[in-house]
1. Add +1 for every Lys or Arg and -1 for every Asp or Glu among the other residues with Cβ under 15 Å from the Cβ of A:VAL284, and state the total.
2. Placing unit charges on C-beta atoms (Lys and Arg positive, Asp and Glu negative, everything else neutral), compute the dipole magnitude of the protein assembly as shown about its Cα centre in debye, rounded to 20.
3. Using only Cα atoms and rounding to the nearest 10 degrees, what angle (0 to 90) does helix A:5-23 make with the longest principal axis of chain A?
4. Give, rounded to the nearest 20 debye, the magnitude of the charge dipole that the stretch A:148-270 has about its Cα centre when Lys and Arg contribute +1 at Cβ and Asp and Glu contribute -1 at Cβ.
5. Quick one: Kirkwood hydrodynamic radius for the protein assembly as shown, alpha-carbon pairs, angstrom, one decimal?
6. Which of the lysines could a cross-linker span from B:LYS147 if the Cα-Cα distance has to be under 23 Å and same-chain partners fewer than 8 positions apart are dropped?
7. Would you be so kind as to identify which of B:PRO89, A:ALA220, A:ALA264 lies farthest towards the positive end of the dipole of the protein assembly as shown, taking Lys and Arg as +1 and Asp and Glu as -1 on Cβ and the Cα centre as origin?
8. Could you calculate the FRET efficiency of A:ALA122 with A:THR154 from 1/(1 + (r/R0)^6), where r is the beta carbon distance between them and R0 is 35 Å, rounded to 0.05?
Amino acid sequence: MSVSPGKKLERYTRMICGAAAFLLLFPQSAGAVGTAAGTLISNVATVSYGLGGVAQPPITSVAATIRVDEVIQPTLTWQDGTPVIVNSPGANGVLTFLLTNSGNGQEAFGLTRINGPTPLPAGNYTPLNGSVGSMYLENGLLAGFQPSGPNADTIYVPGVNDPKLTPDAGQFVYVVSDTPVVVPNSRGDVQLQAASLTAGAAGAAPGTSLANAGQGGGFAVVGRGRAQASATGSYLSNGLGFAMTKTVTSVVDPNGTAVLMPGAVMTYQILATLSGAGTANNLVINDPLPAQVTYVPGSIMVDGVAKTDAADADNAQYISTTQTVSVSLGNVAAPANIVITLRATIN
Amino acid sequence: MQISRSLFTATLLALLSGFSLAAYAADGAIKVTSVAEVEVATVGPDGKKTLRRATPEKAVPGTEVFYTNTFENVGRQAASDIVINNPIPNDTAYKAGSAFGKDAVVVFSADGGKTFDVADKVQVKGTDGRQRAALPSEYTNIRWIYKGQLQPGKSSAVGFHAVIK
C-alpha cells in the first residue's frame, strides 16, 4: 500500500485528533442545568505546515483546559396548590414542598421553617410545629407523608440529614403543623427556606465566586437566587360559617295592595349561606311558621324549583302538625348559598 | 518472516518518533499555544466599565469562553501550507460568527472533521438521514487555512468563542 506524503499527513493529524478526542471523554450530565461542575473542558489546536514544499509532522498545542465551576441554585416550590384544610384545634396537618437542585453540582441544603412569616396578614393565624415532628423528608418508599409504619418518612434534623442533591434531583419535604384554636376559615402560613451549606454561599450576592468550594474542586458561584430559596404554603382552618336570613319579599292584600291585613299573602325568603371550608352533612333547614299565619299549599321553592308539600322524593315538605316547612339538603360543600321561598296568609 | 517483522518494528519506531515530535511543540519549526479566557467587566474609579480577558473564575454553564491559538515560526525557514485544526472543545457550543483569523480562510465541520466547508455551507445529517444545513452550535471542528507563508520569527493568531453547555 502506498500512501502519498499529503495523505500520510492527513492520517497523522486525524490520529492525533482522535487521541485528543479520547482524552476529552469525561463524565458529564446531560441535564437541563448544563455541564456538570468539575468537568474539564480542553481545547487542543493542531498545526500542519510545510517547509520548502515538504510536509512536516503536525504540531499540537498543549491543551488549554478550564474546569466547569459549580452554580449553586436551589429552587423550592409548594406542592399542594390550594390551602390544606386543618381542624382547629388540630394536630399534624401536612404541607408538601419540593426542593430541587437547579445548579450543576452536588449540593447540600439546610432547611428552616418560619411559622406565620411576617408581615402576617390580618386574620391569619400562626401554625405551630407538628407534634409528630416539624419537618420530614420523603424517603422514596411510598409517595406522600407517612409519619410511621413500614414506609415511614425520615424526620429532618438540621446538620444531621440535610438533603444532598445531585444536579436536577429533587427532595420532597413535608412540613407538619399543629393548629391552635382559631376562628374557622382562617389562614395559617408556613414558609420553608432552603439554604446552601457551602460556607459563604447562602445570602451572598449573585455571581459571588468562592474558590475551591465548587464540586470537582473549582469555584462555587452563587446563582441568581443567592444560593437559597423559599416557598410559602398555607393551611385553612376547618369550620363552616353558617348564616341564615329570613325576609318578607312581598305582601299582597285582598285589595291588591301591600297592606299587612288579614287575608294578605306574604312571600318569605330564607337565604342560607355556607362559608369557609368543609362540608355540612345532612343539612336540614326548618322554618316553623307563626300561629298568626296559614301556609299557602304548594308554595315551597328551593333554588327556584317548585317542591311538593308531601314527604316524598323531593327534598322539601310541609309538616302540617307543627306548621313547619322543612328542606333536607343532604351533604352540602362550602361555600354554598341556598334560597328557599314559601308563602303564607295572615289570619 | 524475519524481514517483515523488522519492517514492522521500523514502522512502529517511526510512528513513535512521530508522536514524540507531535507531543513537544518546541521540536518543530512552528510553536503553537492555545489559551482559554473569559471576559470580565471591571468598573474603574472613574465609573467606566472596561472589559478584560482573564482566566475563568466563574466558568459556569452559559459562560462564553474565548479561545486563541497563537502560532509562531521558531525555525529558520519560511513555513507554508499552514493549516490549523481545532475540534470544538467538549461540553461547549461554537458561537456563531466568532471565528477569527488574519489572512486565513475559516472552514467548519459538523461531522467530526470528515468534511469541511465555509460557514453557511456546512452540512450535517439530520435525524431523518438527510443532509441539511448545520447550525453553528452543531459544528464539531474548525479549520483555518493560512494564506501565504509565515516568515521566521513571525507569529499570527486565530481563535473563536464557545459557550459552555
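1. On the way: positive: A:LYS307; negative: A:ASP287, A:ASP314.
That works out to -1.
2. Values: 32 positive and 32 negative charges, 503 e Å.
The dipole of the protein assembly as shown has a size of about 2420 debye.
3. 50 degrees
4. 240 debye
5. Values: mean 1/r = 0.0328 Å⁻¹.
One decimal place: 30.5 Å for the Kirkwood radius.
6. Counting by Cα, and skipping residues close in sequence, B:LYS147 has these lysines nearby: A:LYS7, A:LYS8, B:LYS31, B:LYS102, B:LYS114, B:LYS121.
7. In the protein assembly as shown, that residue is B:PRO89.
8. With a Förster radius of 35 Å, E is 0.40.
Values in this text are rule-based calculations from the coordinates and carry no lab data. Only a predicted model underlies this, so the values are computations on that prediction, with no experimental measurement involved. We place every Cβ from the backbone using ideal geometry, glycine too, and count neighbours over all the protein chains shown.
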